[in-house]
1. Looking at segment B:32-51, is at least one residue assigned to a loop (DSSP other than H, G, I, E, B), among the acidic types (Asp, Glu) and touching a Gly at 6+ places or on another chain (Cβ under 8 Å)?
2. Just wondering, is there one or more residues in segment A:429-449 that are among the β-branched types (Val, Ile, Thr), closer than 19 Å to residue A:388 by Cβ and in contact (Cβ under 8 Å) with a residue 40 or more places away in the chain?
3. Could you tell me which numbered condition residue B:33 fails, if it satisfies all but one of (1) closer than 23 Å to residue A:274 by Cβ; (2) in contact with a Ser or Thr (Cβ under 9 Å, 6 or more places away or on another chain); (3) within 7 Å of chain A (Cβ to nearest Cβ)?
4. Quick one: which helices (runs of 4 or more DSSP H) sit completely within segment A:363-477 and have at least 1 residues that are hydrophobic (A, V, I, L, M, F, W, C), under 31 Å from the mean Cα position of the chain (by Cα) and surrounded by 14 or more Cβ atoms within 10 Å (Cβ to Cβ)?
5. So which residues in segment A:321-345 are within 16 Å of the chain's Cα centre (by Cα) and either loosely packed, with under 14 Cβ neighbours inside 10 Å or not in a loop (DSSP other than H, G, I, E, B) (or both), if there are any at all?
6. Given the criteria within 13 Å of chain A (Cβ to nearest Cβ), farther than 22 Å from residue A:98 by Cα, in contact with a Ser or Thr (Cβ under 8 Å, 6 or more places away or on another chain) and basic (Lys, Arg), does residue B:18 qualify?
7. Mind listing whichever residues of segment B:49-80 are surrounded by 10 or more Cβ atoms within 10 Å (Cβ to Cβ) and more than 8 Å from chain A (Cβ to nearest Cβ)?
Amino acid sequence: MAKEYETVIGLEVHVELATKTKIFCGCSTAFGAEPNTQTCPVCTGMPGSLPVLNRQVLEYAISVGLATNCDITRYAKFDRKNYFYPDNPQNYQISQLYLPICKNGGVEIETEAGGVKTVGIHEIHMEEDAGKLIHDEWEDCSLVDYNRSGVPLIEIVSEPDMRSAEEVIAYLEKLRLIIQYLGASDCKLQEGSMRADVNLSVREAGATEFGTRTEMKNLNSFKAISRAIAGETERQIDLIESGEKVVQETRRWDDAKGESYAMRSKEDAQDYRYFPDPDLVPIAVSDEMIAQIKARQPEFRTEKMKRYKEEFGIPDYDIEIITASKHMADIFEAATAICGQPKKVSNWLMVETLRLMKEKEVDVEDLRFSPENLAKLIALTDAKAINSSVAKEVFEVMFEENVDPEKYVEEKGLKTVNDEGALRKTVEEVIAANPQSVEDYHNGKEKAIGFLVGQTMKAMKGKADPALVNRMLKELL
Amino acid sequence: MANIISDETIEYVGILAKLELSDAEKEQAKSDMGKMLDYIDKLGELDTEGVEPMSHVFPVQNVFREDTVTNGDTREELLANAPEQKDGMFVVPKTFA
């Protein structure tokens, strides 16, 4: 009989913090700048330069720690992790080993079986990101851009508490939501502002000792994470079944090929020769500092859901979807604040927005239309300046390019024709051109009027209020 | 010398430090490292029971900067240090197969 195995997974999640400047210097962290234009002697490791901690980094790290039920370390400091690689101009990364800022936390996730499980957080530490290496396809060399060097990260190290890809995804989604609600990061996997390394081992079901684990890198989406977990579980079981040993190593996942390969044997912690960084002074976290950060913690999802129900009276299902993303909740609240019509805003999000997201494969974090423009679109339909099918058309353009609907409707001449004279003329023409339908209508076929409305709308190029057309037709017939 | 550094150790430390040492340099390094470890052992003889580990030499803590951009583009100065450059970046030997 085949043996049963259990997969044991722990995650190291790196999150890029949403600060304006780097962790130890006043260089901008803005994305997409020309290579090496956001650098200085500190983040390029020039001798004699001195790092100074960005207060916002500490506050974000503490706020994430509080939101994930961690103990906040009252006396924390930074250490140097030594290694040589061109993306690391100092030859060490400033990180935290001995006294990380947060410890012993955990978040609750819902399991497939419908239960609740706590995934422990071993620690959260602050550290700096490395530069970016670009591999030159044409020449046998690599190019280095240090704009990312010194961008602040927190690394959230979980306990090996997860047992399946589903639990891993649930944990990551939970972390992402908490951090987004805090405004500490946008947590985009594709863009690398959230990166998860998967530590995985397998053992026979019922065993108490852990098996040898590997660390998997280069996972850029939830799908890639699921596939990598399945692939690595199978690879390790195959090794064990064929009497071989799992080697402790770092592996790189190639999602296109659906397989991983060894990057380097995992260096032991002592090989990084950690020692306290003498350039940075220790951090003493006071009760007052914690109280201030606690007081500033935003409204989290559960509180928001409760408030939406009481304040806006929109359906539970809508609340569930809208609050599942901080970004969507922000759009909802801002648009509602402008137009005062929560139900209409919610409708646009629940119907057209979800439809277009699915159709165009757009992630909720990448929604581009502004709440102001959505409120304007609602105002235009309320004023009957455009009809609902034109509104949908305009929304589709807003979804792609965030156009101002007032200007767009004006420019494209999409305004409903409210000139009754012109409309009456068209209706009369349609009646004259469709004697059969007119006769059908008079013979009691109510449906015939629908055809005539359609013909009129077509003649008006969609720019008429269908209700008005209907009324006018009935009048004239 | 109480601490004897093996050939394997010096080889491994050389790999970590990305250094290529000649045989003579290896012998010298083995002897130097042995002496350093002897010195650390000497320090270890001191009774530090009840003494808090020191993390910094100055009695200073909580030095922060505000999250405001203060640095501009100094790419030209930075790249002046590059032995070789291309497209505004440092050129280094290929790092990835």
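The values are calculated or read from the model by the stated rules, or taken from the named source; none is laboratory data. Source: prediction; values computed, not measured. All Cβ positions, glycine included, derive from the backbone under ideal geometry; neighbour counts span all protein chains shown.
1. Taking segment B:32-51 first, the residues assigned to a loop (DSSP other than H, G, I, E, B) are B:45-51.
If we keep only those that are among the acidic types (Asp, Glu) too, we end up with B:45, B:47, B:49.
Among the residues that remain, those that are also touching a Gly at 6+ places or on another chain (Cβ under 8 Å) are: none.
No, segment B:32-51 has no match at all.
2. No, every residue in segment A:429-449 fails to be among the β-branched types (Val, Ile, Thr), closer than 19 Å to residue A:388 by Cβ and in contact (Cβ under 8 Å) with a residue 40 or more places away in the chain.
3. That leaves (3) as the condition not met.
4. Hits in segment A:363-477: A:371-382, A:388-401.
5. Selection gives A:321, A:322, A:323, A:326, A:327, A:328, A:329, A:330, A:331.
6. Numbers: within 13 Å of chain A (Cβ to nearest Cβ): yes; farther than 22 Å from residue A:98 by Cα: yes; in contact with a Ser or Thr (Cβ under 8 Å, 6 or more places away or on another chain): no; basic (Lys, Arg): yes.
No; evaluated as a whole, the condition is false for this residue.
7. B:72, B:76, B:77
Each row is one residue, and each column tells you yes or no for (1) of a type in the set (Val, Ile, Thr); (2) touching a residue at least 40 places away in the same chain (Cβ under 8 Å); (3) within 30 Å of residue A:191 (Cα to Cα).
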| site | (1), (2), (3) |
| --- | --- |
| A:209 | no, no, no |
| A:216 | no, yes, yes |
| A:225 | yes, yes, yes |
| A:233 | yes, yes, yes |
| A:237 | yes, yes, no |
| A:243 | no, no, no |
| A:249 | no, no, yes |
| A:254 | no, no, yes |
| A:276 | no, yes, no |
